[in-house]
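Single-structure report; data block below.
The values are calculated or read from the model by the stated rules, or taken from the named source; none is laboratory data. The shown structure was predicted, so the numbers you read here are calculated from the model rather than taken from an experiment. As a convention, Cβ positions derive from the backbone with ideal geometry for all residues, glycine included, and neighbour counts pool all protein chains shown.
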Amino acid sequence: MTTHEPTSGGSSTRFDPWYDHYADRTAGLSASEVRALFAVASRPEVVSLAGGMPYVSALPSELVTGALDRVMRDHGPQALQYGSGQGTPELRERALEIMALEGIRGSVDDVVITTGSQQALDLVTKLFINPGDVILAEAPSYVGAIGVFRSYQAEIAHVLMDDDGLIPQALRDAITRLKADGKTIKFLYTIPTFHNPAGVTLSWERRLEILEICRANDILVLEDNPYGLLYFDSPPPNALRSIEEDGVIYLGTFSKTLAPGFRVGWALAPHAIREKLILANESATLCPSAFSQFAISEYLASADWKGQIDTFRGVYRGRRDAMLSALSEHLPEMSWTVPNGGFYVWLTLPSPLDSKEMLPRAVKELVAYTPGTAFYSDGGGRQKIRLSFCYPNEETIRTGIRRLTSVINEELELLDTFSSTGQMEVVRPNAHVTSPPPNIN
Ligand SMILES: Cc1ncc(COP(=O)(O)O)c(C=O)c1O
């Protein structure tokens with residue numbers, strides 16, 4: 001909003017006569033930087049390393065059309081009807097099978113199907129957050145979660161990470177500080193595996209330690225795990241929910257292992273919470289899409305879905321390798337994380353380069369990325385860039401990194417000119433080509 005021009009009388013604006021009618025909570029609603037980028041980055045001549053769109057073209061369309069045909073043939077009236085607010089029993093069973101791959105055991109009664117895991121994030125936040133309550137989240141954190149938390153007027157307290165994920169001592173310190181300030185901490189939101197945007201994975205030892213800390217401080221854990229099955233080298237450690245049942249709400253989704261267009265995800269909640277979650281789900285959407293649920297159940301029953309996940313892994317592994325080798329070739333002085341799965345590399349720029357300020361120049365040079373500031377609620381991340389390797393092919397990724405390199409070099413030259421006049425100091429990060437930097441913050 002750039003204009004707040006009063007019309008005659010009240011404080012409404014020329015463009016929005018309802019300006020002064022909105023609820024306070026809408027103050028936290030703003031277009032994310034990722035969203036603002038979509039319009040520009042979708043121009044065909046721009047190489048977009050910005051969005052996190054899965055490469056759905058790697059899914060043979062006949063697998064989907066076959067499933068859709070059978071849904072209409074065998075379950076048409078049911079699939080086109082309203083359904084249960086908790087989701088179909090068949091799909092909830094399937095969700096349990098999928099979670100078992102990451103060591104999770106649970107009851108079908110405690111699975112709630114949602115409209116993507118994004119909606120589960122919204123529902124959990126609605127259930128637990130009063131304005132001013134604190135949510136602990138990694139620094140950086142998923143932009144879509146930050147948006148939800150803001151919309152419920154939560155205070156987001158970022159906790160430092162390094163290449164092994166969330167730092168337990170940083171979590172302890174944050175809890176102590178927040179409690180001393182009289183704050184109410186409601187939950188820890190974490191993406192322990194193939195983090196968005198940082199690309200790192202929480203080690204097994206830290207998983208145990210972090211759960212211990214949360215247990216000791218009566219803090220619920222919200223584990224968001226869209227990428228866990230998309231590993232490239234070795235499987236990641238088992239989910240947090242596999243260790244702790246009563247204190248962890250686990251979120252899963254079909255968006256990355258099948259397709260986001262179905263808009264189907266799920267929550268596995270502690271038994272005590274699940275009833276409230278179902279009620280919240282019903283009040284938000286009445287029920288998740290029966291049609292999508294039937295289609296996914298049919299797909300899982302008839303297709304080699306594990307083989308399909310292997311196919312996705314192979315595609316993304318090749319794209320990750322292309323990105324890492326292009327970074328090594330063109331930007332050897334920079335540092336970045338090396339993901340073992342998921343969609344993202346997290347790049348550190350030399351100080352004082354500013355990823356947000358550099359973006360318009362990058363788009364002019366026909367490459368787009370997401371500036372690090374999108375992933376912090378406190379203005380952090382100016383020296384960071386999220387690079388997505390999920391959507392563009394390997395050749396396009398190499399082109400994108402070459403373009404990005406010339407943008408960075410031009411900015412550095414400009415700054416060098418200023419620094420030689422004594423006005424600015426350029427600090428280049430140490431080279432970390434094949435291993436992640438010690439601290440991604
Ligand atoms: C960490 C994280 N959580 C949740 C989501 C939302 O996914 P869904 O399509 O299941 O709503 C995404 C999507 O990119 C994500 O990266």
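Listed values, structure above:
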quantity: Conditions (1) out of contact with any helix residue (DSSP H, G or I) (no Cβ under 9 Å at 6 or more places or on another chain); (2) part of a helix (DSSP H, G or I): number failed by Leu171; calculated: (1)
quantity: Residue match in region 171-192 (condition: surrounded by fewer than 22 Cβ atoms within 10 Å (Cβ to Cβ), more than 12 Å from the ligand (Cβ to nearest atom), under 26 Å from Tyr22 (Cβ atoms) and not basic (Lys, Arg)); calculated: yes
quantity: Members of region 193-212 that are away from the ligand (no atom under 16 Å from the Cβ) and aliphatic (A, V, I, L, M); calculated: Leu208, Ile210, Leu211
quantity: Check on Asp110, touching a His at 6+ places or on another chain (Cβ under 6 Å), of a type outside the set (Ser, Thr, Tyr) and farther than 30 Å from Tyr369 by Cα; calculated: yes
quantity: Residue in region 37-46 that is within 21 Å of the chain's Cα centre (by Cα) and at pLDDT 95 or above present; calculated: no
quantity: Test for Arg263: is it on the phi > 0 side of the Ramachandran plot and either crowded, with 18+ Cβ neighbours inside 10 Å or of a type outside the set (A, V, I, L, M) (or both); calculated: yes
quantity: Residues of region 356-370 satisfying the condition of being touching a helix residue (DSSP H, G or I) at 6+ places or on another chain (Cβ under 7 Å) and surrounded by fewer than 24 Cβ atoms within 10 Å (Cβ to Cβ); calculated: Lys356, Met358, Arg361, Val363, Glu365, Leu366
quantity: Residue that is surrounded by the fewest Cβ atoms within 10 Å (Cβ to Cβ), among those in region 303-355 that are basic (Lys, Arg) and within 19 Å of Gly400 (Cα to Cα); calculated: Arg317
quantity: Qualifying position, being in contact (Cβ under 8 Å) with a residue 12 or more places away in the chain, under 20 Å from Cys214 (Cα atoms) and among the hydrophobic types (A, V, I, L, M, F, W, C), among Val148, Val134; calculated: Val134
quantity: Which numbered condition Ser141 fails, given (1) farther than 23 Å from Glu244 by Cα; (2) within 13 Å of the ligand (Cβ to nearest atom); calculated: (1)
quantity: Whichever residue in region 225-257 is more than 24 Å from Thr125 (Cβ to Cβ) and of a type outside the set (Ser, Thr, Tyr) and, among such residues, is surrounded by the fewest Cβ atoms within 10 Å (Cβ to Cβ); calculated: Asp233
quantity: Residues satisfying the stated conditions in region 73-90, i.e. at negative phi and in contact with a strand residue (DSSP E or B) (Cβ under 6 Å, 6 or more places away or on another chain); calculated: Gln86
quantity: Filtered residues of region 240-264 (kept if in a loop (DSSP other than H, G, I, E, B), more than 16 Å from Gly199 (Cα to Cα) and either under 18 Å from the mean Cα position of the chain (by Cα) or within 13 Å of the ligand (Cβ to nearest atom) (or both)); calculated: Phe254, Ser255, Thr257, Leu258, Ala259, Arg263, Val264
quantity: Sole exception among (1) in contact with a Phe, Trp or Tyr (Cβ under 9 Å, 6 or more places away or on another chain); (2) surrounded by fewer than 24 Cβ atoms within 10 Å (Cβ to Cβ) for Gly199, by number; calculated: (2)
quantity: Residue check, Ile401 surrounded by 18 or more Cβ atoms within 10 Å (Cβ to Cβ), assigned to a strand (DSSP E or B) and touching a helix residue (DSSP H, G or I) at 6+ places or on another chain (Cβ under 6 Å); calculated: no
quantity: Test result for Leu160, outside any helix (DSSP H, G or I) and away from the ligand (no atom under 16 Å from the Cβ); calculated: yes
quantity: Condition met for Tyr231 (within 13 Å of the ligand (Cβ to nearest atom) and among the hydroxyl-bearing types (Ser, Thr, Tyr)); calculated: no
quantity: Filter pass, Glu282 being away from the ligand (no atom under 16 Å from the Cβ), modelled with pLDDT under 95, in a helix (DSSP H, G or I) and surrounded by fewer than 19 Cβ atoms within 10 Å (Cβ to Cβ); calculated: no
quantity: Filtered residue count, region 270-279, keeping only those that are closer than 14 Å to Asp122 by Cα and either modelled with pLDDT under 95 or within 16 Å of the ligand (Cβ to nearest atom) (or both); calculated: 1
quantity: Test for Pro131: is it more than 16 Å from the ligand (Cβ to nearest atom) and within 23 Å of Glu244 (Cα to Cα); calculated: no
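Okay, residues lined up against (1) under 16 Å from Pro392 (Cβ atoms); (2) not acidic (Asp, Glu); (3) not in a helix (DSSP H, G or I):
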{"position": "Pro288", "(1), (2), (3)": "no, yes, yes"}
{"position": "Gln293", "(1), (2), (3)": "no, yes, no"}
{"position": "Ile296", "(1), (2), (3)": "no, yes, no"}
{"position": "Tyr299", "(1), (2), (3)": "no, yes, no"}
{"position": "Gly307", "(1), (2), (3)": "no, yes, no"}
{"position": "Gly318", "(1), (2), (3)": "yes, yes, no"}
{"position": "Ser325", "(1), (2), (3)": "yes, yes, no"}
{"position": "Ser328", "(1), (2), (3)": "no, yes, no"}
